[in-house]
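Each remark here refers to the structure printed beneath this line.
A short reminder: the numbers here are calculations on the coordinates, not readings from a lab. All figures in this text were calculated on a predicted structure; none of them were measured in a lab. Don't worry about glycine lacking a Cβ; one is built from the backbone with ideal geometry, like all the others, and counts go over all protein chains shown.
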Amino acid sequence: MRALTWHGKHNVQVDTVPDPQIVNPRDAIIKITATAICGSDLHLYDSMIPGMSNGDILGHEFMGEVVEVGRGNTSLKKGDRVVVPFVIACGQCFFCERSMPAACDNSNPADKADATEIAYGQSVAGLFGYSHLTGGFAGGQAEYARVPYSDYGPIKIPDGIEDEKVLFLSDIYPTGWMAAENAQIQPGDTVAVWGCGPVGLFAIKSAVLQGAGRVIAIDHHPNRLALAKANGAEVLNYHEVKVREALLEMTAGLGPDSCIDAVGMESHGFSPDNVIDAIKQETKLGTDRPHVLRETIMAVRKGGTVSVPGVYGGVADKWPVGAFMEKGLTLKTGQTHVQRYLPQLLQLVLDGKIDTTDLISHRLPLEQAPEGYKNFKENQNEWTKVVLRPH
Amino acid sequence: MSHSEVSTDAEVGATAFTNSDQREGEYEASSLRAVMINRPRQALYAFWRDFRNLPTFMENVKSVEILDADRSQWAIAGPAGAEFDLVSTITEDIPGERIAWSSSEGSDVDHEGWVAFKDNPFGRGTEVRVFISYDPPGGVVGKIVAKVMQREPRIQARRELRRFKQLMETGEISTSKAPDAAPRASRHF
């Protein structure tokens with residue numbers, strides 16, 4: 001089959017690779033009808049996440065048709081249309097039973113799990129196409145994918161609803177939704193969202209649906225800010241205003257009740273802290289650029305909540321722990337517990353309560369995926385979301 | 001050596017875990033590791049007690065042949081493709097709670113181990129603790145080779161326990177082995 005593979009920094013190619021096989025009883029093989037490039041794929045493209053190997057297949061947002069099921073799988077059958085969560089989870093461990101599939105104890109293979117047990121204290125769950133730290137599983141920017149524990153993760157999609165309306169159930173829609181939930185929004189709250197990429201946009205949509213009185217979105221790409229505005233947010237361009245001052249002015253000195261960091265480890269901008277972090281990243285003295293994490297903690301009101309859907313991977317310094325403690329803040333974060341949210345979020349789509357397609361700017365065949373990566377990275381203003389069609 | 005179990009329960013008047021809990025085995029290389037498994041204690045004990053099941057989750061145990069009620073013959077993969085035989089005798093067997101074994105004289109590898117199963121008092125599953133101790137074949141050089149080959153006992157033990165947990169909780173062992181389980185660009189196998 002054909003698949004998008006990683007060969008080093010800013011080097012992805014479409015290669016011919018072997019077809020995936022059923023290996024375990026609960027596996028399924030999915031023929032992929034639609035898949036997307038995620039903002040977090042750019043962290044891999046930029047070589048910011050360790051544990052990548054030359055030849056790895058990328059992609060963790062995908063859906064398609066079941067073409068083969070293992071003998072231990074009684075819930076899926078050939079021909080079913082499914083969206084596959086980017087988190088691989090068993091459904092039976094301590095964490096899955098408590099609806100925390102992103103903390104699954106079993107999906108990361110025994111040999112691969114060593115790395116994050118050492119780096120993070122406990123090993124993390126397996127993810128599709130996201131380095132060998134998270135299991136070394138082949139991703140979904142391909143014609144076919146093997147889906148482990150396929151009787152637990154994938155959600156069946158009724159006929160008659162097009163792929164693009166449900167594809168983002170795989171990651172960015174539940175990720176934005178959980179980001180808003182983690183922000184602990186009360187009716188009438190002001191919620192500030194840093195980053196108007198796909199996750200930020202879904203966080204804005206979700207914050208509105210969850211009862212926020214006011215959503216303020218922060219970015220520097222005019223087109224992304226326009227999308228945020230169309231979804232009900234007031235917008236701040238950090239190239240034009242000092243964000244913290246603007247937020248204080250807009251909230252009459254109170255500060256936003258909740259702040260969401262939908263940026264993560266590769267902040268843009270030329271603030272002094274971010275420039276120093278960028279140098280540390282380049283010289284391998286540091287791994288993450290937590291400019292936005294710092295900003296959210298400084299901007300949020302006393303007793304407020306900071307929610308972090310943005311991806312971080314290593315260590316960072318100059319973390320404003322004093323502001324965090326003295327202001328009495330709550331910080332909530334984590335990879336998305338996708339499986340937890342799927343039925344309710346699919347229902348919102350079926351009921352027409354959320355538009356999941358307005359952020360799609362480009363639709364490409366799989367063969368043009370490298371062009372998609374390059375532009376999603378370099379032309380972020382126009383390239384807001386890329387959907388690939390492998391068949 | 002002592003067979004007392006490590007406790008991580010906070011008992012009044014005793015610290016939960018002390019350095020003396022990290023005790024040495026009789027042999028040079030040893031490892032103790034605990035894991036919580038979300039399955040009943042009796043089921044875990046029964047699977048482990050049938051030593052023919054060990055190769056399903058112990059990567060370096062290639063095969064086990066049962067000789068009689070207490071004795072079994074194990075074929076072990078050593079560093080750099082070497083194979084070793086040992087005859088293991090069960091020295092303690094408390095149904096549902098504990099199994100201990102050690103190698104008989106004349107085995108290629110001197111080895112002892114035990115596994116203990118205990119209900120977590122707060123309903124979180126079964127606490128499984130495994131202790132493995134052996135003299136690495138090939139002495140000091142063998143130990144270094146074993147580490148490089150990732151057959152060092154502590155690496156082995158943590159992976160074996162993860163596989164045991166996966167198998168018991170989910171019925172299968174998670175894998176991303178190329179090419180079948182996780183295809184990759186073919187020139188990079």
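Couple of notes before you dig in:
- Gain in span if fully extended, A:H10 to A:S271, counting 0.36 nm per residue against the direct Cα distance: 91.4 nm
- For the protein assembly as shown: rounded, prolate or oblate by the Cα gyration tensor [a/c cutoff 1.5]: prolate
- The convex hull defined by the C-alpha atoms of the range A:304-356 has an orientation-averaged projected area of 5.6 nm².
- The fraction of all Cα pairs in the range B:24-170 landing in successive 10 Å bins from 0 to the largest distance is 12, 44, 34, 10, 1, given as whole percents.
- Applying a threshold of 20 Å to the alpha-carbon distances of A:K229/A:K327; A:K302/A:K332; A:K165/A:K205; A:K156/A:K385; A:K77/A:K385; A:K78/A:K385 flags A:K229/A:K327; A:K156/A:K385; A:K77/A:K385; A:K78/A:K385 as lying beyond it.
- Most mobile listed residue (A:Y238, A:Y173, A:Y373) in chain A, GNM with C-alpha springs under 10 Å: A:Y238
- Cross-link partners for A:K284 among the lysines, with Cα-Cα distance under 24 Å and sequence neighbours closer than 8 places in the same chain left out: A:K9, A:K112, A:K318, A:K374, A:K377.
- Per the Kirkwood formula applied to alpha carbons, the range A:173-333 shows a radius of gyration over Rh ratio, Rg over Rh, of 0.94.
- Partner chain coverage, peptide A:47-57 - average Cβ within 10 angstrom: 2
- Mean residue ellipticity, 222 nm, helices only, chain A: the sum of -39500 (n - 2.57) across DSSP H runs of n ≥ 4, divided by residue count and rounded to 500, is -8000 deg cm²/dmol.
- Between the C-alpha center of the range A:102-179 and that of the range A:250-322 there is a gap of 26 Å.
- Surface/4 of the Cα convex hull for the range A:78-140, nm²: 4.9
- Euclidean distance of C-alpha centroids, the range A:328-342 and the range B:55-80, integer Å: 44
- Summing Lys and Arg as +1 and Asp and Glu as -1 over all other residues whose Cβ lies under 9 Å from the Cβ of A:P18 gives a net charge of -1.
- If R0 is taken as 56 Å, the Cβ-Cβ distance between A:K327 and B:D93 corresponds to a FRET efficiency of 0.45.
- Each of A:D171, B:D50, A:D351, B:D110 was scored by other Cβ atoms within 10 Å of its Cβ. Arranged with the fewest first, they read A:D351, B:D50, B:D110, A:D171.
- Pairs of lysine residues in the range B:24-170 - Cα separation under 23 Å, sequence separation of 8 or more or cross-chain: 4
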